[in-house]
Amino acid sequence: MIEVRNLNKFFYVPHKLHALKNISCKVKQGEVVVIIGPSGSGKSTFLRCLNRLEFPESGEIIIDGKNVLQAKKEINQIRAEVGMVFQNFNLFPHMNVLENITMAQMVVRKRKRKEAEDKAFMLLKKVGLQDKARAFPSQLSGGQQQRVAIARSLAMDPKVMLFDEPTSALDPEMIGEVLDVMKSLAQEGMTMVVVTHEMGFAKEVADRVIFMDEGQIIEEGIPSELFLNPKEERTKLFLGQIL
Ligand code: ADP
Ligand code: MG
């Protein structure tokens, strides 16, 4: 479903930085891959390249057979197929929940309002928020906002879902409700790439864990292997700090 070859990304401001160093990886359809690594290791930059929020200097990204970096005019189409959920929810503050979930469906997917709203209600039910359709983001808890953000992404029928530390900004009591939604999505067969520090989630849900450091993939493996038996010193050091 995803194939990345020799991806390189630089930032030039405030100083030259090689943020992604020749990253290559594959994600199969229905696979759940968790990315871990220290702050600043390039995890977000990598996800952002996958849906072209960042444009890399070199390399290839193929998602569902489409060359993401060559497609010039279809950027909204690519973002529709590669859903992304951010740490800070990023809902439109001036729109209610229903409007948040229907707008891109109508603009990008060209759905009629009724069809978009039916889909929105179906997804709100799925994330347990059917009674919040008319609420504004500011009237919701962090966990509820994040579940709306997930529903909004799913409304586009993405082929892949990217999650960038989706629970990092949440109070502890709300982390579970968001992870539960992600877990059921994984069980339904969604292809997912998840940056998270929730090692319980990684152990339970991930098919594979990738450890990144300093813009490189240092090591990857099935969760039990990588967590219990890391090969690389840097992985051991990192796991020692967080586990
Ligand atoms: P992570 O998500 O693993 O914490 P990031 O991908 O956010 O790491 O960042 C990787 C490196 O790239 C960091 O050194 C960060 O400061 C730098 N970086 C990220 N975004 C930008 C940007 N827009 N401009 C300049 N440097 C950036
Ligand atoms: Mg990040």
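Ligands, DNA and RNA are left out, and with a 1.4 angstrom probe the accessible area of region 24-104 is 45 Å² per residue.
What number comes out for accessible area per residue over region 155-243 if the probe is 1.4 Å? Units Å², please.
Per residue, region 155-243 has 45 Å² of solvent-accessible surface.
Computed with a 1.4 Å probe over protein heavy atoms only, the accessible area of Phe11 comes to about 60 Å².
For the chain, the mean residue ellipticity at 222 nm estimated from helices alone is -11000 deg cm²/dmol, where every DSSP H run of n ≥ 4 contributes -39500 (n - 2.57) and the total is divided by all residues, rounded to the nearest 500.
Classify region 1-145: rounded, prolate or oblate, from the alpha-carbon gyration tensor (a ≥ b ≥ c, eigenvalue square roots; a/c under 1.5 rounded; otherwise prolate if a/b is larger than b/c)? The shape class here is prolate.
Just Lys66, Lys203, Lys16 to compare: in a GNM of the chain, with alpha carbon springs under 10 Å, which one fluctuates most? Sorting by GNM fluctuation, first place goes to Lys16.
Note that region 55-104 shows a convex hull volume over its alpha carbon atoms of 118 Å³ per residue. Here the chain has an Rg and Dmax of 17.9, 55 Å, counting Cα atoms alone. Ligands, DNA and RNA left out, the 1.4 Å accessible surface of region 88-243 is 50% carbon and sulfur atoms. A cut-off of 5 Å between modelled amide H atoms, ignoring neighbours fewer than 5 places along the same chain, links Ser58 with Asn8. Classify region 2-56 as rounded, prolate or oblate, taking a ≥ b ≥ c as the square roots of the eigenvalues of its Cα gyration tensor: rounded when a/c is under 1.5, otherwise prolate if a/b is larger than b/c and oblate if not. It comes out prolate by the Cα gyration axes.
Suppose accessible area is computed on protein heavy atoms with a 1.4 Å probe; arrange Ser41, Ser58, Ser138 from highest to lowest.
On the way: Ser41 0, Ser58 50, Ser138 110 Å².
The ordering from most to least exposed comes out as Ser138, Ser58, Ser41.
Across the protein chains, with a 1.4 Å probe defining accessible surface, the residues Glu177, Glu188 rank Glu188, Glu177 from largest area downward. Computed over protein heavy atoms with a 1.4 angstrom probe, the accessible surface ordering of Arg152, Arg113, Arg234, largest first, is Arg113, Arg234, Arg152. Considering only Ala149, Ala202, Ala186, the mean-square fluctuation computed in a Gaussian network model of the chain, springs between alpha carbons under 10 angstrom, is largest for Ala186.
Anything in the chain that counts as a DSSP H helix reaching 15 Å or more along its axis (C-alpha) with Kyte-Doolittle mean of at least 0.0? List them, would you? Walk me through the intermediate numbers first.
Values: long enough: 97-107 (16 Å, 1.01); 113-126 (19 Å, -1.05); 142-154 (18 Å, -0.38); 172-187 (23 Å, 0.34).
Result, helices passing both filters: 97-107, 172-187.
The values are calculated or read from the model by the stated rules, or taken from the named source; none is laboratory data. These numbers were taken from a predicted model, which means no experiment stands behind them. What goes into the accessible areas is simple: the full protein's heavy atoms, side chains included, and nothing from ligands, DNA or RNA. Shrake-Rupley method; radii C 1.70, N 1.55, O 1.52, S 1.80 Å.
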